1. Are any residues in the stretch 73-102 free of Cβ contacts under 8 Å to residues at least 40 places away in the same chain and of a type outside the set (F, W, Y), and if so, which ones?
2. What's the total number of residues in the stretch 46-60 that are of a type in the set (A, V, I, L, M) and either more than 21 Å from I3 (Cβ to Cβ) or surrounded by fewer than 18 Cβ atoms within 10 Å (Cβ to Cβ) (or both)?
3. Given (1) charged (D, E, K, R); (2) in contact with a Leu (Cβ under 9 Å, 6 or more places away or on another chain); (3) under 30 Å from V23 (Cα atoms); (4) surrounded by 14 or more Cβ atoms within 10 Å (Cβ to Cβ), where does K63 come up short, assuming only one miss?
4. Failed condition for K17, given (1) without any contact (Cβ under 8 Å) to a residue 24 or more places away in the chain; (2) closer than 21 Å to L102 by Cα; (3) not β-branched (V, I, T), with all others met?
5. Quick check on my filter: what residues within the stretch 80-97 are surrounded by 13 or more Cβ atoms within 10 Å (Cβ to Cβ) and basic (K, R)?
Amino acid sequence: MSIQKISDIKTIDVNAKEWFDKVNGNSYFSCRVTLNYGMENETTILIPFQYGYGNMYEQATAKELVKRGLFPANSSLWRVCGDNSITRRTNILTKCLKRDVLAWGK
């Protein structure tokens, strides 16, 4: 059984890693998004290395779920989860090495 629509999603776990480029003063991240963690239809989505800081990893997650047709256009992660009683857990590890952030999104 796979996830076809928003009503199939019960949990969203977003685990991101961030690297700060000291030379240029920019932050980058990648993340792994797990839908329905620990359930029969658990699905993991990888979001590759990209520029961003703060909670931009959450915005990138919502954008990817819109692209896959699971979220309505122009929606935010917290809003969709709140409106649809989806458990949302987010975490970001900062001060990671660039190679670890690159590998996390592959």
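What follows draws every value from the coordinates through simple rules; no lab data is involved. None of the values given here were measured: they were computed from a predicted structure. Here Cβ is always computed from backbone atoms with ideal geometry, including for glycine, and neighbour counts include all displayed protein chains.
1. Scanning the stretch 73-102 gives A73, N74, S75, S76, R79, G82, D83, S85, R99.
2. Count: 2.
3. Only one criterion in (1) charged (D, E, K, R); (2) in contact with a Leu (Cβ under 9 Å, 6 or more places away or on another chain); (3) under 30 Å from V23 (Cα atoms); (4) surrounded by 14 or more Cβ atoms within 10 Å (Cβ to Cβ) is unmet by K63, namely (2).
4. Tallying (1) without any contact (Cβ under 8 Å) to a residue 24 or more places away in the chain; (2) closer than 21 Å to L102 by Cα; (3) not β-branched (V, I, T), K17 fails exactly one: (1).
5. Selection gives R88 alone.
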